[in-house]
Amino acid sequence: MIEQAKSILKNTFGYDEFRLQQEAAITQVLNKKDALVIMPTGGGKSLCYQIPAMMFEGMTIVISPLISLMKDQVEQLREYDIPSVYLNSSLRPEAYEYNVKKILNGEVKLLYVAPETLMMDRTKEILKNIKVDCFTIDEAHCISEWGHDFRPEYRQLATVRKSFPGAVCVALTATATPRVQRDIKRTLEFDESESFVSSFDRPNLFLKIVDKKDPENQILDFLYTRKKQSGIIYCFSRRQVDELTELLVEEGYDAKPYHAGLMSRERAINQRAFIRDDARIIVATVAFGMGINKPNVRYVVHYDMPQNIESYYQQIGRAGRDGLRADCVLLFSYADTQKIKYFINQKQGTEKTVAERHLEKLLKFLEFTGCRRKPLLDYFGESYVKDPCEMCDNDLSVEEDVEDLTLQAQKFLNCVLELEEEYGAGQVIDVLRGSKNQKVLENELDKVEHYGQGLEWSKKQWEQLYRLLMRQRFLKRGTFGVLEVEDKAMAVLSGKENVYGILDRTDVQTAEDDVVRTSSEIENQYNVELFELLRAKRKELADADDVPPYAIFPDTTLIEMAYYYPQSKDSLDAIYGVGSVKKAKFGDSFIGVIKTYSKNHDIIERQKTLIKKVREVKTGEKFEQVGNGFNEGKSIKLLAEEHGVKEVTILGHLKKFLDEGNDLRLEGLLQASNLSDRQRDQVLKAFKKRGHEMLRFVYDECKKQIGYDELRIMQLYYMASMK
Ligand code: ADP
């Protein structure tokens, strides 16, 4: 039986293998034994009942709490030619009757229905003589009062289930603590059942927390390189949503707002625009997200702090359902923490205690200096064993970036104490920098011991250190923004504890080499221009069918097309997500685009089936191969092509090669540099002054005018010429 399921997986859905737990869950269901399936968002829950539904003789009923989800699923199934309909209160009477007729005629394999619709006598009547083989409950955590979204009508499903004695029951959810899991099974009276639980981890999400400093510009910087991507920006208040949307629209982004203050019609229009790729960005409050199945959300930004870890997890969970890399960036500020504390203080009793505990855990997560997945998954009772994940800012901060800041931290803290904890950060920094501003002179702060003792750092660096000390809770802000030293800081002042950290945490961008290190070769190397053409074709086909673009093909499919350039229907078979039905419907349209493009650009097809994952086996470590190749006269560009990596990765290998005591061809490095002679001299001077280990200092020294890629080349030149 499972063989047949596998062939459906390949022929209909175009996927080669089942994911972990899918095969076991499907086997269980096909054996007509109840199953509780817990997989994170994007884990592939739907196939666990859709494939059995296609194999069962009778119908499968799917209970779903949200109208938008039902519609979305049915639209997707229809593109596979799988007969499915939904019944809920949103349907016009004629459409309702049409669907009922199809059910009665035995033409439907999957029926999606809202719980309250299922409970209606009329529906019971319709289903009385229908053979039902599978009874699926989506978002099954709604059954439990302990779940985060309890719905009383879900409780009654246990009784309804009894009216279909021949049906196996499948309950699915993305979030369920062990207690909720037990509750679901007990309520549904699961018998001989099994649970299929996957990890809560979403390995394709890159987690990053940055200091919120100049949020509007930080967001604009972030979006600048993501103009064509879809994303969600979460804000705390409706007003913030409106203001940010306005700013983004002014800057030329097609952003739409979403919050409970808008008319429901406007909300629905904005949501639809986002889902259909007509609007790239949704700026929203927590009200947005339930029922969003859009797989290609490439980023989720928290403009403000989320309420707690659970909502953070749910919100970032909306990114990257397609399994491709997605960025989750949170802007973290002390002021936001105070705002949340203020709201918590309005609460009383247990509600207040619970909220305080939530905030405490959230802060712990945000301030954690190790792998971010550890505290996140800890929260869900799962211990993360792969630590480090290499998909979070902390894991990827190169050791060089983490600095020992103890000396300056002591200076700062001592200065706060010397000023008797009566001044704010601005004044403390002014004192350290020996400023002659009026306030300093008026208060005779130029007479204190620390005056002018911090000239080695710029004002900006001291500000960054101040934020870091707040973040790590060595300092706190009292009334009127006056700084106070926390008890915890005593260990630092007495030299028992050191302060480590990364000074500049305001950059929301994920560096290019981070991307290289964390995504697959195909994701890095596909033809972006062709991808855009394929995307335009997909949008055209989707609009013609009145469905969201992802119901035609997910981005992953288009990315593979833009990498392998398939020129015939046969080669399409090997592409991810292309099954026979969609191949017949859309194959020619996409092949047409690929063929024209390939012809115009003299590109030949890469045979997916022939490309083996076996890498060139050469002797020696990678950095040695690269270093020797470079010294033999190969350019950086050529080496990047040969090794199938980006140039920045080659630079990394060359640095290692140098670090291991080898020489590098200086003229080869100069050839790789695009700087003018004047700029080169400027950079070399900066290296001399600031040392060559920390590129960021050199970057600052050059007034941020020279990009990191060029600096990396000059770093090698500088190091090699010192030998
Ligand atoms: P969930 O309901 O758990 O959030 P979905 O069922 O929507 O996740 O699946 C997420 C994506 O993964 C969908 O695009 C789906 O087609 C795809 N998918 C599911 N199973 C597989 C598989 N075995 N191989 C490849 N892709 C899969």
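The values are calculated or read from the model by the stated rules, or taken from the named source; none is laboratory data. If you're wondering where the values come from, they're calculated on a predicted model, not measured in any experiment. Note: ideal-geometry Cβ built from the backbone for every residue, glycine included; neighbour counts use all protein chains shown. What goes into the accessible areas is simple: the full protein's heavy atoms, side chains included, and nothing from ligands, DNA or RNA. Shrake-Rupley method; radii C 1.70, N 1.55, O 1.52, S 1.80 Å.
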For Val132, the residues 5 or more places away or on another chain with a placed amide H closer than 5 Å to its own amide H are Met59
Once all protein chains are kept in place, Met120 shows an accessible area at probe 1.4 Å, nearest 10 Å², of 90
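Would you please put 121-131, 528-538 in order of how densely packed they are, using the mean number of other Cβ atoms within 10 angstrom per residue and starting with the highest? Could you put the intermediate results ahead of the total?
Details: 121-131: 12.6, 528-538: 17.0.
The peptides rank, most packed first, as 528-538, 121-131.
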Everything considered on the Cα gyration tensor (a ≥ b ≥ c; rounded for a/c under 1.5, else prolate if a/b is larger than b/c, else oblate), segment 576-723 must be described as prolate
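Let me know the charge dipole size of segment 211-292 about its Cα centre in debye, to the nearest 20, where only the beta-carbon of Lys, Arg (+1) and Asp, Glu (-1) is charged. It would help to have the intermediate numbers written out before the result.
Numbers: 13 positive and 13 negative charges, 84 e Å.
Rounded to the nearest 20 debye, it is 400 debye.
Take each of the peptides 239-252, 641-654, average the number of other beta-carbon atoms within 10 Å over its residues, and list them starting from the highest. Numbers along the way, then the final one.
Numbers: 239-252: 16.2, 641-654: 19.7.
Descending packing order for the listed peptides: 641-654, 239-252.
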Taking a ≥ b ≥ c as the square roots of the Cα gyration tensor eigenvalues, with a/c under 1.5 meaning rounded and otherwise prolate when a/b beats b/c or oblate if not, the chain comes out oblate
Computed for the chain: size of charge dipole around the Cα centre, +1 on C-beta of each Lys and Arg, -1 on C-beta of each Asp and Glu, debye to nearest 20, value 1260
Using a 1.4 Å probe on heavy atoms of the protein chains only, the accessible area for Met490 in Å², nearest 10, reads 90
Most packed first (mean Cβ within 10 Å per residue), the peptides 597-604, 408-415 order as 408-415, 597-604
In degrees rounded to 10, the 0-90 angle between helix 334-345 Cα long axis and the longest Cα principal axis of the chain is 50
Computed over the chain: longest principal axis from alpha-carbon atoms vs helix 178-187 long axis, angle to nearest 10 degrees, is 10
Regression test value, accessible area per residue of the chain, probe 1.4 Å, units Å², expected 47
Here, GluC sites (Glu not before Pro) of segment 432-496 satisfying both criteria (DSSP loop; at most 13 other Cβ within 10 Å) are Glu444, Glu449, Glu456
Subtracting the Cα-Cα distance of Lys703 and Glu189 from 0.36 nm times their residue separation yields 178.3 nm
Rounded to the nearest 5, the percent of DSSP beta bridges in the chain running antiparallel is 10
If one compares the long axis through the Cα atoms of helix 622-631 with the longest principal axis of the Cα atoms of the chain, the angle in degrees, nearest 10, works out at 60
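Assuming a ≥ b ≥ c are the square roots of the Cα gyration tensor eigenvalues, decide whether segment 9-112 counts as rounded (a/c under 1.5), prolate (otherwise, with a/b larger than b/c) or oblate.
Numbers: a/c = 1.87, a/b = 1.68, b/c = 1.11.
Since a/c reaches 1.5 and a/b is larger than b/c, the shape of segment 9-112 is classed as prolate.
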Given unit charges at Cβ for Lys, Arg (+) and Asp, Glu (-), the dipole magnitude of segment 622-722 about its Cα centre in debye, nearest 20, is 440
